[in-house]
Amino acid sequence: MTQSATQHRGTTGDTASGPSSGTAPDASPGAAAPAGTRTRTHTWQPPASYATAAGRTGLELARMSLDGSLPEAPVCGTLGFRLVAVEEGRAVFEGEPGEHLLNPMGTVHGGYLATLLDSALGTAVLSALPAGRAYTTIQLGVNLVRPVLATTPALRCEGVTLHVGRTTATAEARVTGAADGKLYAHGTTTCAVFALPGTG
C-alpha cells in the first residue's frame, strides 16, 4: 500500500506552482502561495524490517531491495537517491541533487552527502553479513571536498567494506560525479554487528 507524505517532498523533481496550486506548506488556510513556490510529492511503501526475512544473508536482503522484492527505505525517496548495484562487500547508490536540497548558502546541504555516504557504507556492510546478523552505524566520518549545487549532475556513491567481524565492521565510500568521476566527498564508518532478535 502506497502512502502519501504530508510534506511536499518526493522523487519527481521540483515544480513551480501555478495559479491553482493551492497554499504553501506553511501558509495559513486560504492564503495564496508566494510567487515561485515549488512543491514535491513523496510517496513510499511501508518499510519491511530485515528481521521479517530471517534466514537470508545480508547480500540476499540487499538484492531483494535492489530488485523491489523488499521496498526501498523511505529515506531514499525523501532525498532522491537509490541503490543501483550490490555485491558482497560493495554497494552503489546514485542520486540527483536539486534545489530542494539547498542550505542557506545556496549549496546542497552536507547532510544529503552524509546520508548518501551512510547508506552506501551501511549497505556494503550488510552485504557481507551472514544470515541472522544485522548492523547499526556507531561512527560516521565525512569529508566534503567540493560543493554540490542544484545544477550538479547525478552523483554516484560507492561503499566498500574494509573489515567485517562478528561484532564490528568498517567500510569506506566516495561520492563522485556519475558521468565524470569528479570527487565530491568521501567517508568512513564503524558499525556494530549483532544478532537479529530471536536468532540467538
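The values are calculated or read from the model by the stated rules, or taken from the named source; none is laboratory data. This one's a predicted model, so the numbers in the text were calculated from it and none came from an experiment. Here Cβ is always computed from backbone atoms with ideal geometry, including for glycine, and neighbour counts include all displayed protein chains. Side chains included, ligands, DNA and RNA excluded: accessible areas come from the protein's heavy atoms. Shrake-Rupley method; radii C 1.70, N 1.55, O 1.52, S 1.80 Å.
Taking into account only those residues within the range 73-83 that are in contact (Cβ under 8 Å) with a residue 24 or more places away in the chain and out of contact with any Lys or Arg (no Cβ under 6 Å at 6 or more places or on another chain), which is surrounded by the most Cβ atoms within 10 Å (Cβ to Cβ)? Residue satisfying both the conditions and the ranking: 81. When the range 97-122 is limited to residues that are more than 17 Å from residue 141 (Cβ to Cβ) and in contact (Cβ under 8 Å) with a residue 60 or more places away in the chain, the one that is least open to solvent (accessible area, probe 1.4 Å) turns out to be 98. Summed over the range 84-96, residues that are open to solvent by less than 30 Å² (accessible area, probe 1.4 Å) and within 11 Å of residue 123 (Cα to Cα) total 6.
Residues that are free of Cβ contacts under 8 Å to residues at least 60 places away in the same chain and farther than 17 Å from residue 113 by Cβ within the range 151-166 comprise 162, 163, 165, 166, listed in sequence order.
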